[in-house]
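The values are calculated or read from the model by the stated rules, or taken from the named source; none is laboratory data. Model, not experiment: these values are computed from the prediction. A quick note on method: Cβ atoms are made from the backbone with ideal geometry, for glycine too, and the neighbour counts reach across all protein chains shown. Accessible surface areas use protein heavy atoms only, side chains included; no ligands, DNA or RNA. Shrake-Rupley method; radii C 1.70, N 1.55, O 1.52, S 1.80 Å.
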Amino acid sequence: MPKTQGAASAPKTNQTGEELVFTRPASMVDRATHYCPGCHHGIAHRLVGELIDELGLKENTVAVCSIGCSVFLYNYIDVDSVEAPHGRAPAVATGVKRARPDKFVFTYQGDGDLASIGMAEIMHAANRGERMSVVFVNNTVYGMTGGQMAPTTLIGQKTTTCPGGRCKDREGSPIRMSEIIAHLGGTAFCARGSLDSVKNIRQAKKYMRQAFEVQTKGLGFGFVELLAGCPTNWRLSPLAANKRITDEMIPYFPLGVFKEVEGDGTCGSMLAPESAPGAEGGK
Amino acid sequence: MSRITVSEERCKGCLLCTQVCPVTIIRQSERINQNGYKVAEVPAEDMAKCTGCASCATICPDVAIEVWRGKKPKPGSKAA
Ligand SMILES: Cc1ncc(C[n+]2csc(CCOP(=O)(O)OP(=O)(O)O)c2C)c(N)n1
Ligand code: SF4
Ligand code: SF4
Ligand code: SF4
Ligand SMILES: [Mg+2]
């Protein structure tokens with residue numbers, strides 16, 4: 001691809017004929033982030049910025065930020081933003097999108113935010129088929145508050161609230177959100193990617209694009225989960241954290257597309273399975 | 001001929017870029033930036049080996065790396 005990655009404008013060329021093929025996306029503010037070294041929120045932010053540029057959405061986007069380490073998303077992505085209470089981003093985004101259906105609306109949520117306190121909001125927004133896109137950053141802990149156990153914490157993983165390691169009998173198994181969201185009626189696209197390697201980052205961006213495009217095409221709810229590292233709370237170096245994703249997270253949280261709806265995006269076509277013969281009773 | 005620039009101000013010394021470079025030319029320097037991080041660098045004598053693949057920039061969580069591609073190797077080169 002000759003196009004400059006991330007930049008909305010045409011590739012920059014200098015006097016010596018060199019072409020700038022990778023630079024900060026125009027939608028991403030040029031300032032240092034507050035994230036720890038090796039934290040994958042930075043990569044996820046950049047991919048969001050690149051896609052907003054590439055899809056030409058910068059002037060027409062409302063970001064709904066959540067509570068977690070990414071609470072300051074609005075400082076980094078140069079679009080209109082709303083800050084939602086913990087877990088409620090999908091509810092806030094529902095309001096934004098229904099008031100302004102012309103806007104591109106996305107939420108950006110961690111696993112504590114989305115899969116714990118915000119479980120109800122995400123499930124019902126997906127089920128209603130809200131025309132929104134969700135970027136779900138799963139780092140298996142409550143990063144911001146010091147690494148407590150999240151619903152996504154792996155069995156045996158030690159956190160401040162399960163110092164002996166998560167135990168299946170006591171705390172249950174890690175929740176696989178993408179698999180759950182894929183089963184809800186309003187979900188038009190659902191996939192899980194990972195930010196641990198160059199190849200996976202490039203694939204994750206393709207999934208994010210699809211999760212964004214089901215909204216811009218009016219097809220329904222778009223969801224993308226990104227497996228991400230939190231070196232600080234995992235007590236690992238950034239390199240060891242990436243290896244943990246590869247070796248431990250991906251085997252439990254498989255990567256891939258879990259749902260991809262085709263059709264004209266009308267409620268009728270999305271609800272088609274329920275209007276099949278025999279599905280009408282139970283009034 | 002390709003090359004990268006590493007922002008001394010933005011690099012957090014995480015070293016993720018050093019592991020993904022196909023020609024392993026990125027290393028940690030001895031320079032400590034304002035935030036206390038030892039920044040990544042490509043030694044001047046190694047820069048000519050850069051393929052312009054942008055792997056380092058893709059994995060950098062801090063958008064500290066820019067990649068420039070020279071026009072010498074004409075199409076047909078598969079760097080993406
Ligand atoms: C109503 C409410 N309850 C609890 C908290 C404390 N709190 C802040 S962030 C957070 C968890 C964030 O974890 P996650 O969503 O996984 O984000 P991460 O920091 O890991 O990216 C919690 C419990 C809060 N801010 N508000
Ligand atoms: S605590 Fe974890 S999630 Fe939060 S900024 Fe640090 S590495 Fe990232
Ligand atoms: S662009 Fe590719 S070859 Fe050049 S320094 Fe980065 S990873 Fe190495
Ligand atoms: S990946 Fe980025 S922040 Fe990390 S060492 Fe390399 S240039 Fe610095
Ligand atoms: Mg988390």
One would report the antiparallel percent of DSSP beta bridges in chain A, rounded to the nearest 5, as 25
Mean residue ellipticity at 222 nm from the helices of chain A, using -39,500 (n - 2.57) per DSSP H segment of n ≥ 4 over the full residue count, to the nearest 500 deg cm²/dmol? -8000 deg cm²/dmol
Roughly how many whole Å is it from the C-alpha centroid of region B:1-68 to that of region A:229-263? 24
Distribution of pairwise C-alpha distances over region A:128-234, 10 Å bins, in %: 16, 37, 32, 14, 1
What residues does region A:45-63 have that are buried by at least 10 Å² of accessible area in the full protein assembly compared to the chain on its own, 1.4 angstrom probe? A:Arg46
Vicinal HN-Hα couplings computed from phi for region A:95-111 (Karplus, 6.51 cos²θ - 1.76 cosθ + 1.60; Hz; Gly/Pro x): x, 4, 5, 6, 6, 10, x, 7, 8, 8, 10, 9, 10, 10, 9, x, 6
Chains A and B: what accessible area do they bury, summed, in square angstrom to the nearest 100, with a 1.4 Å probe? 2600
How many partner chain Cβ atoms sit within 10 Å of a residue's Cβ in peptide A:33-42, on average, as a whole number? 5
Which order do the peptides A:239-246, A:222-229, B:15-22 take when ranked by the mean count of other beta-carbon atoms within 10 Å per residue, highest first? A:222-229, B:15-22, A:239-246
Based on the alpha-carbon gyration tensor of region A:104-169 and its eigenvalue square roots a ≥ b ≥ c, which shape applies: rounded if a/c is under 1.5, prolate if not and a/b is larger than b/c, or oblate? prolate
Go ahead and run the numbers for FRET between A:Arg100 and A:Arg31, Cβ-Cβ distance against an R0 of 22 Å, rounding to 0.05. 0.20
For region B:2-69, report the convex hull volume of the alpha-carbon atoms normalised per residue, in Å³, without decimals. 69
Rounded to a whole number, what % of the accessible area of the protein assembly as shown do carbon and sulfur atoms account for, probe 1.4 Å? 55
Rg to Rh for the protein assembly as shown: what is it, with Cα atoms only and Rh by Kirkwood? 0.99
Mean accessible surface per residue for the protein assembly as shown, computed with a 1.4 Å probe while every protein chain stays in place, in Å²: 44
Residues along region A:209-253 losing 50 Å² or more of accessible surface when the other protein chains are present rather than the chain by itself (probe 1.4 Å): A:Leu239
Where does each of A:97-104, A:210-217 land if you order them by average Cβ count within 10 Å, highest first? A:210-217, A:97-104
If one computes the Cα centroid of region A:110-186 and of region A:197-215, what distance in Å separates the two points? 20
Please report, in debye to the nearest 20, how large the charge dipole of region A:35-271 is about its Cα centre when each Lys and Arg carries +1 at its beta carbon and each Asp and Glu carries -1 there. 360
Name the residue farthest towards the positive end of the dipole of region A:182-268 from the options A:Val224, A:Leu184, A:Val214, assuming +1 on Cβ of Lys and Arg, -1 on Cβ of Asp and Glu, about the Cα centre. A:Val224
Which of the listed residues, A:Thr33, A:Ser66, A:Phe104, is farthest toward the dipole's positive end in the protein assembly as shown, when Lys, Arg count +1 and Asp, Glu count -1 at the beta-carbon? A:Thr33
Once the dipole of region B:2-69 is set up with Lys and Arg at +1 and Asp and Glu at -1 on Cβ about the Cα centre, which of B:Val39, B:Gln19, B:Ser7 lies farthest towards its positive end? B:Gln19
